[in-house]
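Participant: Handing you a structure now.
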Amino acid sequence: MEKKLKELLDKYSLSSRDSLIPILQDIQDEMGYLSEEALLAVGKHLNVATSKIYGLATFYNQFRYQPRGINHIKVCHGTSCHMMGSVTLLEAIEKSLKIKPGQTSRDGKFSLEVVSCVGACAQSPVISINGKFYGKLTEERLEMLLEEFSENE
């Protein structure tokens, strides 16, 4: 991991603080998340306090601080999905997998994210798992999906 991180930072050898967000985006694209090690390395590279980098990174919800699970679940929280029960689905996922949005299950099989809208309002409530969309979900269908993805690993 250190080698990859060094290669990424070398791309920004003449960079200033203005490059912080692109650097963090590149690290996350390559490594899947921003580790503590990566934040420390960026701070050293740009001569910026790690606390400032962490403060900026946590301001934006695009950044993750844990690796994604094998199965990444996105729960739509747009108006239509919200009205049709996405909050109930989210609660069911949290209870079943014992994780909250932004977390990854201990076994690494699942990670969870809440998104503003997936653009499938006619199918609400909608979730996606690994980029595949599942609409008009009920708690029963959700439970079956979670079991199916748990067994496939």
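A short reminder: the numbers here are calculations on the coordinates, not readings from a lab. Note that this is a predicted model, so its numbers are computed, not measured. Glycine also receives a Cβ, built like all others from the backbone with ideal geometry; neighbour counts cover every protein chain displayed.
Participant: Cross-link candidates for residue 3: which lysines have Cα within less than 25 Å, leaving aside residues fewer than 8 places away along the same chain?
Facilitator: Candidates past the 8-residue exclusion: 11, 44, 52.
Participant: Within the stretch 1-101, which chymotrypsin sites (Phe, Trp or Tyr not before Pro) sit in a loop by DSSP and count at most 14 neighbouring Cβ atoms inside 10 Å?
Facilitator: Working: sites: 12, 33, 54, 59, 60, 63, 65; in loops: 12, 33, 60, 63, 65.
Filter output for the stretch 1-101: 60.
Participant: Decide, for the stretch 71-151, between rounded, prolate and oblate: order the square roots of the alpha carbon gyration tensor eigenvalues as a ≥ b ≥ c, take rounded if a/c falls under 1.5, and otherwise choose prolate if a/b is larger than b/c, else oblate. Could the numbers behind the result be given before it?
Facilitator: Details: a/c = 1.70, a/b = 1.53, b/c = 1.11.
The shape class here is prolate.
Participant: For the chain, what proportion of DSSP beta bridges, expressed in % and rounded to the nearest 5, is antiparallel? Let's see the in-between values first.
Facilitator: Details: 7 of 13 bridges.
Roughly 55 percent of the DSSP beta bridges within the chain come out antiparallel.
Participant: Among all stretches of the chain without exposed trypsin sites (Lys or Arg not before Pro) (DSSP loop, at most 13 other Cβ atoms within 10 Å), which one is longest?
Facilitator: Numbers: sites that count: 11, 98, 106, 136.
Between the exposed loop sites, the longest stretch runs 12-97.
Participant: Got the relative contact order for the stretch 71-151 handy, in percent, Cα pairs under 8 Å and 6 or more residues apart? Let's see the in-between values first.
Facilitator: Numbers: 119 pairs, mean separation 30.3, N = 81.
About 37 percent, as a whole number.
Participant: So, one more: Give a residue-ordered list of calculated ³J(HN,Hα) values for the stretch 18-24 (Karplus: 6.51 cos²θ - 1.76 cosθ + 1.60, θ = phi - 60°; whole Hz; x for Gly, Pro).
Facilitator: For the stretch 18-24, the Karplus curve yields 4, 8, 4, 5, x, 5, 4 Hz.
Participant: Residue 6: which aspartates and glutamates have alpha carbons under 17 Å from its alpha carbon, excluding same-chain residues fewer than 8 sequence positions away?
Facilitator: 26, 29, 30, 36, 37
Participant: Could I ask something else about it? Just to check I understand the Karplus step: with θ = phi - 60° and J = 6.51 cos²θ - 1.76 cosθ + 1.60, what whole-Hz values come out for the stretch 102-114, glycine and proline as x?
Facilitator: Once rounded to whole Hz, the list reads x, 10, 10, 5, 4, 7, x, 7, 9, 10, 9, 9, 9.
Participant: Further question on the same structure: Report the relative contact order of the chain, percent, no decimals, based on alpha-carbon pairs under 8 angstrom and at least 6 residues apart. Please list the in-between numbers first.
Facilitator: Values: 191 pairs, mean separation 29.3, N = 153.
This gives 19 percent for the chain.
Participant: Further question on the same structure: Quick one: order 21, 27 by neighbouring beta-carbon count within 10 Å, fewest to most.
Facilitator: Values: 21 14, 27 22.
Going from sparsest to densest Cβ surroundings: 21, 27.
Participant: Would you mind computing, in nm to one decimal, how far apart the modelled labels at residue 147 and residue 88 are, each placed 7 Å from Cα along Cα→Cβ?
Facilitator: With each label placed 7 Å out from Cα toward Cβ, I get 1.9 nm.
Participant: How many nm is it between the label spots at residue 7 and residue 132, if each spot is 7 Å from the Cα in line with the beta carbon?
Facilitator: It works out to 3.1 nm between the two label points.
Participant: Same structure again: Which residue, chosen from 23, 69, 85, occupies the Cα position most advanced towards the positive end of the dipole of the chain, where the dipole is computed from +1 (Lys, Arg) and -1 (Asp, Glu) charges on Cβ about the Cα centre?
Facilitator: Positive-most Cα among the choices belongs to 23.
Participant: Right, another one. Contour minus end-to-end for residue 95 and residue 107, with contour as 0.36 nm per residue of separation and end-to-end as the Cα-Cα distance? The partial results should precede the final answer.
Facilitator: On the way: separation 12, 0.36 × 12 = 4.32 nm, distance 1.55 nm.
Separation in residues times 0.36 nm, less the Cα-Cα distance, equals 2.8 nm.
Participant: Taking the number of other C-beta atoms within 10 Å as the exposure measure, put 83, 31 in order starting with the fewest. Intermediate results must be reported in sequence, preceding the final value.
Facilitator: Working: 83 12, 31 17.
By the 10 Å Cβ count, ascending, the order reads 83, 31.
Participant: What full-extension length gain, to one decimal in nm, is calculated for residue 47 and residue 18 as 0.36 nm per residue of separation minus the Cα-Cα distance?
Facilitator: Values: separation 29, 0.36 × 29 = 10.44 nm, distance 1.23 nm.
Taking residue 47 through residue 18 to full extension adds about 9.2 nm, to one decimal.
Participant: Could you name the lysines in cross-link range of residue 95, using Cα to Cα under 18 Å and dropping any fewer than eight places away on the same chain?
Facilitator: Straight-distance partners of residue 95: 74, 109.
Participant: Right, another one. Return the unpartnered cysteines for the chain, using a Cβ-Cβ cut-off of under 4.7 Å.
Facilitator: Cysteines of the chain left without a disulfide-compatible partner: 117, 121.
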